1. Distance between Cα centroids, segment 34-73 to segment 76-146: provide it in whole Å.
2. Under 1.5 on a/c is rounded, so check that first for segment 110-197, then, if it is not, pick prolate when a/b is larger than b/c and oblate when it is not; a ≥ b ≥ c are the square roots of the alpha carbon gyration tensor eigenvalues.
3. What FRET efficiency would be calculated for the residue pair residue 146, residue 75, taking the C-beta separation as r and a Förster radius of 30 Å, to the nearest 0.05?
4. Of the residues 22, 124, 76, which exhibits the maximal mean-square fluctuation in a Gaussian network model of the chain defined by a 10 Å Cα contact cut-off?
5. Sort segment 27-190 into rounded, prolate or oblate with this rule: let a ≥ b ≥ c be the square roots of the eigenvalues of the Cα gyration tensor; rounded if a/c is under 1.5, and if a/c is not under 1.5, prolate when a/b is larger than b/c, oblate otherwise.
6. Among 150, 99, which comes first, then next, by fewest other beta-carbon atoms within 10 Å?
7. Would you mind ranking 113, 84 by Cβ crowding within 10 Å, fewest neighbours first?
8. Can you sort 128, 46 so the residue with the fewest Cβ neighbours within 10 Å comes first?
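Please treat every number below as a calculation from the coordinates, not as lab data. Remember, it's a predicted structure, so these values are computed and weren't measured experimentally. When we count neighbours, we look across all protein chains shown, and the Cβ atoms used for this are built from the backbone with ideal geometry, even at glycine.
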Ligand SMILES: Cc1cc2nc3c(=O)[nH]c(=O)nc-3n(C[C@H](O)[C@H](O)[C@H](O)COP(=O)(O)O)c2cc1C
């Protein structure tokens, strides 16, 4: 096994450290976040840090990089109060990855990729057509993380849409039935396959 200590980490080239630290903590969720500016410009960006915060109320968290450069997803969700979370399908990975390119605010990533907008009633932020899971979310608040100038954005789930075969009788969503991908590091996309599901674990008698 290879071993790295803190000094090794500090002395690594930026690229090596970025690759190593982003991938060593495991597979990440893969989402496209859809927003619209108050002026009506639609925006789409890939995020790997969407986490479950709680189910009642249904809350999600997103880690946002430092706002030392314009962050359109963030400014749009703050000013409009809404955003969409779209799971990435295995056939969408190349286009999804391209949404991380830095386009000006007035250019929509929907126009620079083959990903298509899907509009839904009473919700102004764009969904991604053919995304296996689409969540309509409300922006609630954010917490600054002083250690690295990032932010934890907190959102609540308002509505959601799931492709039929994925939703099982007890409410559990079988992601592999919808071709949902996961992210390895910052540039690798993988397709997980369910191995087994277990009953609620209780202490052994
Ligand atoms: C695989 C991948 C995952 C990413 N995850 C995040 C993330 O969790 N948080 C973040 O702030 N940026 C993340 N980014 C960077 C954004 O996609 C990128 O900054 C994008 O330009 C943001 O667009 P916006 O300014 O339109 O919001 C990720 C990029 C890639 C390629």
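1. 8
2. Here segment 110-197 falls in the rounded category.
3. 0.90
4. With Cα springs under 10 Å in the chain, the top fluctuation among 22, 124, 76 is at 22.
5. Judged from the Cα gyration tensor, segment 27-190 comes out rounded (a/c under 1.5).
6. 150, 99
7. Lowest count first: 113, 84.
8. Details: 128 28, 46 23.
Taking fewest neighbouring Cβ atoms as first place, the list is 46, 128.
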